[in-house]
1. Report whether or not B:V61 is crowded, with 18+ Cβ neighbours inside 10 Å, facing chain A (nearest Cβ under 10 Å) and either assigned to a helix (DSSP H, G or I) or within 23 Å of the chain's Cα centre (by Cα) (or both).
2. Just a yes or no: is a residue in region B:74-84 surrounded by 14 or more Cβ atoms within 10 Å (Cβ to Cβ), more than 7 Å from chain A (Cβ to nearest Cβ), among the charged types (D, E, K, R) and at negative phi?
3. So which residues in region B:102-111 are in contact (Cβ under 8 Å) with a residue 24 or more places away in the chain, more than 21 Å from the chain's Cα centre (by Cα) and in a helix (DSSP H, G or I), if there are any at all?
4. Considering region A:26-39 alone, what residues qualify as being at the interface with another protein chain (Cβ under 7 Å from one of its Cβ atoms) and buried (at least 24 other Cβ atoms within 10 Å of the Cβ)?
5. In region B:151-177, how many are surrounded by 16 or more Cβ atoms within 10 Å (Cβ to Cβ) and within 14 Å of chain A (Cβ to nearest Cβ)?
6. Which of the numbered conditions does A:M9 fail, given that it passes all the others? Conditions: (1) under 17 Å from the mean Cα position of the chain (by Cα); (2) crowded, with 17+ Cβ neighbours inside 10 Å.
7. Check B:T148 against each of (1) surrounded by 18 or more Cβ atoms within 10 Å (Cβ to Cβ); (2) within 13 Å of chain A (Cβ to nearest Cβ); (3) modelled with pLDDT of 90 or more; (4) out of contact with any Gly (no Cβ under 8 Å at 6 or more places or on another chain) and name the one condition it does not meet.
8. Would you check if B:K193 is surrounded by 11 or more Cβ atoms within 10 Å (Cβ to Cβ), out of contact with any Cys (no Cβ under 6 Å at 6 or more places or on another chain), modelled with pLDDT under 90 and not in a helix (DSSP H, G or I)?
Amino acid sequence: MSELRAECMAAIVAFVISIGYTLSPGPYWMGAFTFIAQPLFVLVMASYLVKVLRELRGRRVL
Amino acid sequence: MEAVTLVHFLGTALGLLGIYLAFRVGRKRVVPLSTEETVSVGHIRFSPATLWKLLAFAALVAVPVLTMVIANYHTFEGIHEVEACGRCHVMRPMITDMKDPASTTLAARHFRNGWIPQDQCYACHSDYGLAGNNAAKAEGFRHLARYTTGTYQEPIAFRGRFDNQNCLKCHRGTPLFEAVKSHQTVRPLLEEKAMLCLNCHGQPHPTSAARTPGSPDYARLQELRK
């Protein structure tokens, strides 16, 4: 599988925002979670799944 | 343990776990990892490459999904509380007024007389904003975007039309409500939303004029009462 550095960096940013929102659920943290962290998580998962599928296809598993 | 404390604990723990896992996965290169050596986790033995892939799945899929579930639960449970509404300063005038013993607005009378024991905002506004149906939730996200980007003007104005069902769900069928003759006369109009309860029952919250920055009441209404 190719490296996942960018995905991990994005996930760390999203996790930090999620912790901020959990501990201090004001409108700005809520906005950051809704409009930054959640889309980042979705992008991270999509990118990860694309890489997994590519590797499985490369090895002719799929 | 209260649900709020549990959510705080779980949300923080998952976030920290996610950061740790993502850091570990991100700084390791998978190519040189051996598939022949083994690493023990409890009684289970993995090759380093397999362990890295499992950690990657946990860091980039499993823990993010759980974190989003907890945070969204936090959002949709939290918005029931009056304090959650008061966190946006544009809503503070409504809450300050509601808790003002001298106010005669509908919200203040309901609060003062204990007609709604808890989650007072949500009880009357459960059909729109983040608490409502999907269209209402989308509208709630628009409010959030406008507030956090500062692209709004005070006093804020309700775009829609207040749904009488928010009143009737409690008042319909009660002896006091049914005893008022005019309620019988206008009932079809109320049910069809051709007439608002507010037409007869007055101001629900402070007026737009009082909520306008610079007005004599504005500073007082921004002082959130405990």
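1. no
2. Checked against the condition, which is being surrounded by 14 or more Cβ atoms within 10 Å (Cβ to Cβ), more than 7 Å from chain A (Cβ to nearest Cβ), among the charged types (D, E, K, R) and at negative phi, region B:74-84 yields at least one hit.
3. If the condition is that a residue be in contact (Cβ under 8 Å) with a residue 24 or more places away in the chain, more than 21 Å from the chain's Cα centre (by Cα) and in a helix (DSSP H, G or I), then B:L106 is the only one that fits.
4. Once the filter is applied, which keeps residues that are at the interface with another protein chain (Cβ under 7 Å from one of its Cβ atoms) and buried (at least 24 other Cβ atoms within 10 Å of the Cβ), region A:26-39 yields A:M30, A:F33.
5. 1
6. Among (1) under 17 Å from the mean Cα position of the chain (by Cα); (2) crowded, with 17+ Cβ neighbours inside 10 Å, the lone unmet condition for A:M9 is (2).
7. Going through (1) surrounded by 18 or more Cβ atoms within 10 Å (Cβ to Cβ); (2) within 13 Å of chain A (Cβ to nearest Cβ); (3) modelled with pLDDT of 90 or more; (4) out of contact with any Gly (no Cβ under 8 Å at 6 or more places or on another chain) one by one, B:T148 breaks only (4).
8. In short, yes.
The values are calculated or read from the model by the stated rules, or taken from the named source; none is laboratory data. Treat the numbers as computed from the prediction; the structure is a model and nothing was measured. For neighbour counting, all protein chains shown are included, and Cβ atoms are generated from backbone atoms with ideal geometry for every residue, glycine included.
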